[in-house]
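All of the numbers you see were taken from the coordinates with simple rules; none came from a lab. Predicted model, so just to flag it, every value in this text is computed and none were measured. FYI the Cβ positions are ideal-geometry reconstructions off the backbone, even for glycines, and counts take in every protein chain you see.
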Amino acid sequence: MPRMKFVLLHHSACEASAFHYAIDREGEVSSLRAESERGTHAKSIGIVVEGDFDQVTPMPSQLDALRELLMQIKMRYADIRLGGHRQVRGDATTCPGKRFPLKHLADWAACSLVDERDAAVQEQIDRQYRPE
C-alpha cells in the first residue's frame, strides 16, 4: 500500500476528476478507485462531495458520512493529514468551496479524530474479548 500523506477534499463543481471516493447529496459513499491508484494529486486520497459549495453548504448527512469516511481512512493511515484542494492549488480554485466548513473539519481532524479513532479501536478490541 502506498504511503499517503493527505486526504484532499473537493466539491463536485471542481474540474478535477480522479477521486477515490464520492459522497452524494444523501450521504452515500461510493468508492471510485482503489487507494493504491494515483488520483488527482500524488500521495493523496481524493474525496469529492456532491454540490457547489461556493453557493450552498453541505448537507448534514454529507458531513456525517465524510467524518465516518475520514475515521476509516485514519484507521489505515495513522499519519494522514486533512486538507482542501485549494490548499494545494492556491488562488487557482476555491475548492471545496467558500461555504464548505473546511476549517471546522480540519479542527476536528486535528483535535478529536485521533481520540475517536482510538476509542473505536478500543471498542473493537473489547468486543473481541467480551464473553458472549
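Some points to look at:
- Rg of the Cα atoms in the chain, relative to 2.2 N^0.38 Å, amounts to 1.08.
- Based on Cα contacts under 8 Å between residues 6+ apart, the stretch 16-132 shows a relative contact order of 22 percent.
- About its Cα centre, the dipole of the chain is roughly 560 debye, where the only charges are +1 on Lys and Arg Cβ and -1 on Asp and Glu Cβ.
- Farthest towards the positive end of the charge dipole of the stretch 20-88, among the residues I23, Q72, Q55, is the Cα of Q72, using unit charges on the Cβ of Lys, Arg, Asp and Glu.
- Placing a pseudo-label 7 Å from each Cα along the Cα-to-Cβ vector at D107 and R130 gives an inter-label distance of 3.3 nm.
- Kyte-Doolittle mean at least -1.0, axial Cα span of 15 Å or more - DSSP H helices of the chain: 60-76
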